[in-house]
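A quick write-up on the structure given underneath.
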Amino acid sequence: MIISDLISDLTSMLPDSHVEEKSSPNQFFGNDGDIIISPKTENDIAAVLHYANENNKKMNIAGNGTKRGFGGTENKADILLSLSDYKGIIEHTVGDMTITVKPGTPFQELQDYLSTHNQKISLDPSHPEEATIGGVIAANDSGPKRLGYGSARDHVIGLRMAYPNGEIIRSGGKVVKNVAGYDMNKLFVGSMGTLGVVTEIVLKLRPLPKYESLMLLTFEKESKEEIRSFAVQFLDSMMEPVSMELLNPELAEKLTGQKVLTLAIAFEDVESSVHYQEEFVKNMKSGASQMTILAQQEAKEFWKRFNYLFPNGQREQNGLAAEAVVKVGVKNLDVIQILKESDWLEDAHNVSVHAHGGLGHGLCQVHLQGAQDDIIKAIDSLRKTVKQLNGYAVIKHLPLALRQVIDVWGGKPSYFFLLEGIKTKIDPKKTLNPKRYVGGL
Amino acid sequence: MLRKKGLKTHDKHIKKLAAIVGPKEILFHKEELISYESDGFTIHSHMPKAVVFPTNTEEVAEVVKYCSDNDLPFLARGAGTGLSGGAIPLNGEVIISLVKMKRLLSVDLENRRAVVEPGYVNLKLTNSISDKGYYYAPDPSSQYCCTIGGNVAENAGGAHCLKYGVTTNHILGLEVVTPTGKIMEIGHDGIPDAPGYDLLGILTGSEGTLGIVTKITVRILKNPEEKQTVLAYFDDVADGSQAVSDIVSAGIVPAALEMMDKIAIEGVESAAFPVGHPKDIEALLLIEVDGISAGINEQINEILDVCKKRNVRSVKVAQDDEERAKWWANRKTGFGAMGTISPDYLVQDGVIPRSTLPEVLKRIGEISKESGLRIANIFHAGDGNLHPLILFDSRIPGQTDKALEAGSACLQACADAGGSITGEHGVGIEKREEMRFVFSDKEIEAQTDIREVFNPHYLLNAGKLFPSPGRCAEVKKELKAAE
Ligand SMILES: Cc1cc2nc3c(=O)[nH]c(=O)nc-3n(C[C@H](O)[C@H](O)[C@H](O)COP(=O)(O)OP(=O)(O)OC[C@H]3O[C@@H](n4cnc5c(N)ncnc54)[C@H](O)[C@@H]3O)c2cc1C
Ligand SMILES: Cc1cc2nc3c(=O)[nH]c(=O)nc-3n(C[C@H](O)[C@H](O)[C@H](O)COP(=O)(O)OP(=O)(O)OC[C@H]3O[C@@H](n4cnc5c(N)ncnc54)[C@H](O)[C@@H]3O)c2cc1C
């Protein structure tokens, strides 16, 4: 079928949605479509899915496309379904601390609205102004405050999903505790749009903290042992940091102007409790050469800058230069070793490396910049170290050309047959986000 | 548990199973099986074929493989405290009891995790790390005897889940024997966010229908620096419920926020751990706040203010750990306490949006009148999880059915209020039909589709969790399978 036929079919089917040919599909990141559809209703979303599934069309899904560089080995599918016009708050029950939203709503828009009620979604994804809540949920994102906040999976209490055959399936509900049937929410959160389109999300909310602060502790380069023993001691205390993020010197320089290994410790609570915890840190033998405290607005601004450090799928490079973002999962304290390894990568492979990782949960982000060949070599070395630590490394952002030569998911787990079985049950024709997920699902 | 009779049998399956687990680790004589006919949902029972007690994962896998290859239905069982009938052998299953796999395998304080076998008892974990200042957060009232494997299967909650989350929020890794006998490790070394669909998430709360858990990596937490507990008495249930909303609206996230009504109080006061609650009050709130010491008093003062604004009759703060422990023992033994004021009781487990509490309580009052049965209410008010306890006497013909009907009506009331039919006890056998209160046929089919991926021959714990076929979706599926 030629593109113009596809467009006329869909336009007549969906008078209320925007359907348009894409003049030049994104070559650089891929995951694009010949035509782009931006539905405004759930009915239209279901209708597009049904149509694509019946007519053997392939379909990519995007919120705002900040994650266009995440997974996928194809330049384009027949249809790109954009959720960016399907947005807004459906219901906010202030007293129940729950909110129901449409997936295309930008994350920051939700937070700004909720703050007028002294509430928030307890998540801090990067690029919050561009990232849609649907994308954050589909990618199960979490940010530097993971330690205190958890990840998307901990906050979603209900979903409406449009399945590839166009049926709407509800999971969970509007209550914060619920074990009726399988916990299907968990299956959909993080499924990267490979099982269905999220059309409605119910989230549980938390109160805005009454006060927050951020302590920046700097360490001289050789003192990783010191950091380790400080971290062990601090984690063994009864303090309750929401973040304990270690930043490599290059990353720290971008945020603080000082090129030195830095530990960012954040507190959120009533003011007296935050100050008490600051004092506790000050009285510990941390081995830090410097300690700075940013309070309230200053802390907020630091995190805001932090959330825009890394590239997103809306930014392209020229020539042979490339950027990659690798998410590494290891055991908590092995984060220190991953950051050490990052320094080494810089020298060994002639790439620039910005990295941070959370003591207390073990997730790191490593941002690499350099020539394409060097990036690939650097990722290989990093993966070797990660493997020794029993962890994993997933490349969250990489140009399409490189994604076609390196498995961004790092191979198939032993239980791959279960993942494949789930995909095949729900999307037997492989209509959605083809080849975007683990093991080419 | 030791078999009193010898291993004399002509049943080749029994012989083979005995060969796998050892002749001492199997029960199959009728009189030995009686205590395995049922679990905490005593209204229902059925005889198993046998009970085996494997001592390691390989034995579990071998038993499963044998059952799977020979078309023998089977299921897992922990302590048997489940309240929805999940461990009842409806189809004459071979019961795989995990109680002999009860070791604490490792504790890694630096990385805040512990690895346990499935038969390890919940409270033992906290007890074995408390000297170092750590604990395991999910605290079902049955924690002194239920197993962590059973907790994973039911996604168990507890009083302190309001702030710290339920079981699923504390599971970092699982070793699972699939229903066809493969051993899978999910969430290697307890590292979060393993690439791929969230199998930990779907397995937790799957009520033993997707696999048998043989090893669990859990998150452990550091004890809060300080804890304060408040007890408040109200003359009007509506005031008590309003106070619950006000506390949460004030931006406080209590560690626990529990409520009991008049009949429940009558029960706990006549049982083993009376506190001396006044008998004429309509409702009490038990509120616990924990965290950094410097911030606690501020929150306690706010809570006291809220209670006063809502016409509290009296309110007090626990003076020491001893008093706090007394209040909690009184609350945590609340279900059993009903036994002192009624020959039988049925525990229900609905969830509602917190703001609908007054209207739903009113409806439950009406259901009580309509059925002629007394209904006590004990609940995790902070997260809207109600436990209506329906008091009845099974010796009176027809009362058991009446109690079941009243229970179902309570769940309907929860569903009508925008809630759910179970918050922590699971669907099991008990609430299969009530699944239709909250899910359409297609939504149920979406779930049984997932079951088919894991449990293709449907020999593991069949007949649980979903309404029996008979309506279009599953019938269609059966036809499809028969083609
Ligand atoms: C390199 C990089 C690193 C990042 N690191 C972090 C981080 O560490 N922590 C963090 O919190 N954030 C991070 N983010 C940003 C943030 O997570 C994303 O911006 C956000 O999750 C995606 O929003 P989006 O609307 O742009 O999604 P998109 O890029 O449009 O979509 C993301 C994925 O979700 C699918 N999807 C989108 N909407 C739906 C829907 N309604 N239904 C089904 N599937 C859907 C898409 O198909 C795609 O697979 C990072 C972003 C990038 C590019
Ligand atoms: C007095 C009392 C108070 C209670 N209070 C609470 C409470 O506050 N919160 C709460 O959530 N629950 C509560 N319960 C319910 C019950 O204790 C929990 O559901 C508990 O998690 C069950 O654990 P168990 O070891 O007894 O499991 P069992 O009853 O033996 O089994 C329950 C289900 O889990 C499956 N299963 C067991 N072990 C495994 C395994 N290793 N792998 C796979 N499947 C398995 C079984 O097949 C069955 O379907 C209470 C029960 C009682 C009797």
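What the table shows:
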| item | result |
| --- | --- |
| Residues listed by number, the range A:255-276, amide nitrogen under 16 Å from residue A:226 label point at 7 Å toward C-beta | A:259-264 |
| Of the DSSP H helices in chain A, those whose Cα atoms cover at least 20 Å axially and whose Kyte score averages -1.0 or more | A:335-349, A:372-388 |
| Alpha-carbon Rg with Dmax, taken over the range A:211-306, Å | 12.6, 36 |
| Leading residue at positive end of dipole, chain B (Cβ point charges), from B:351, B:468, B:276 | B:468 |
| Inter-label distance for residue B:280 and residue B:45, nm, one decimal - labels placed 7 Å from Cα along Cα-to-Cβ | 4.4 nm |
| Given charges at Cβ of Lys, Arg, Asp, Glu: the protein assembly as shown dipole, positive-most of B:204, B:50, A:107 | B:50 |
| Mean separation of Cα contacts under 8 Å (6+ apart) over length of chain A, as relative contact order % | 18 percent |
| Where labels lie 7 Å past Cα in the beta-carbon direction, separation of residue A:388 and residue B:238 in nm | 6.9 nm |
| Value of relative contact order over chain B, rounded to a whole percent, pairs C-alpha under 8 Å and six or more apart | 14 percent |
| Projected label distance in nm at residue B:395 and residue B:128, using a 7 Å step from Cα toward the beta-carbon | 4.4 nm |
| 19 Å cut-off, amide nitrogen to a point 7 angstrom out along residue A:417 Cα→Cβ, residues in the range B:199-231 | B:199-200, B:203, B:209-214 |
| For residue A:228, solvent-accessible area (1.4 Å; no DNA, RNA or ligand), Å² | 80 Å² |
| Contact order relative to length of the range B:224-341, as percent, for alpha carbon pairs under 8 angstrom and 6 or more apart | 45 percent |
| Residues of type lysines that residue B:369 reaches as a straight line, Cα spacing below 19 Å, ignoring anything fewer than 8 places off in the same chain | B:262, B:402 |
| Hypothetical label at residue A:7: residues of the range A:70-99 whose amide nitrogen lies under 17 Å (7 Å Cα-Cβ projection) | A:77-82 |
| Listed pairs A:186/B:65; A:120/A:304; A:145/A:340; A:120/A:259 exceeding 26 Å between Cα atoms | A:186/B:65; A:120/A:259 |
| Efficiency of FRET from Cβ geometry, residue B:366 and residue B:19, R₀ 60 Å, rounded to 0.05 | 0.55 |
| In degrees, nearest ten, helix B:12-21 long axis to first principal axis of chain B (Cα) | 60 degrees |
| Over 25 Å (Cα to Cα) - which of A:429/B:442; B:163/B:431; A:254/B:222; A:204/A:331 fall in this group | B:163/B:431; A:254/B:222; A:204/A:331 |
| Linear extension gain, residue A:340 paired with residue A:308, 0.36 nm per residue minus alpha-carbon span | 9.2 nm |
| For the protein assembly as shown, fraction of C-alpha pairs farther apart than 45 Å, in % | 29 percent |
| Placed amide H near residue B:378: partners under 5 Å, 5+ positions off or other chain | B:387, B:389 |
| Average beta carbon contacts from partner chains per residue of B:33-39, 10 Å cutoff | 0 |
| Charge tally in the Cβ shell below 11 Å around residue B:74, where Lys, Arg are +1 and Asp, Glu are -1, residue B:74 excluded | +1 |
| Modelled FRET efficiency - R0 30 Å, residue A:23 with residue A:85, Cβ distances, 0.05 increments | 0.95 |
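The values are calculated or read from the model by the stated rules, or taken from the named source; none is laboratory data. These figures come from a predicted structure and were not determined experimentally. Neighbour counts run over all protein chains shown; Cβ positions are idealised from the backbone, glycine included. What goes into the accessible areas is simple: the full protein's heavy atoms, side chains included, and nothing from ligands, DNA or RNA. Shrake-Rupley method; radii C 1.70, N 1.55, O 1.52, S 1.80 Å.
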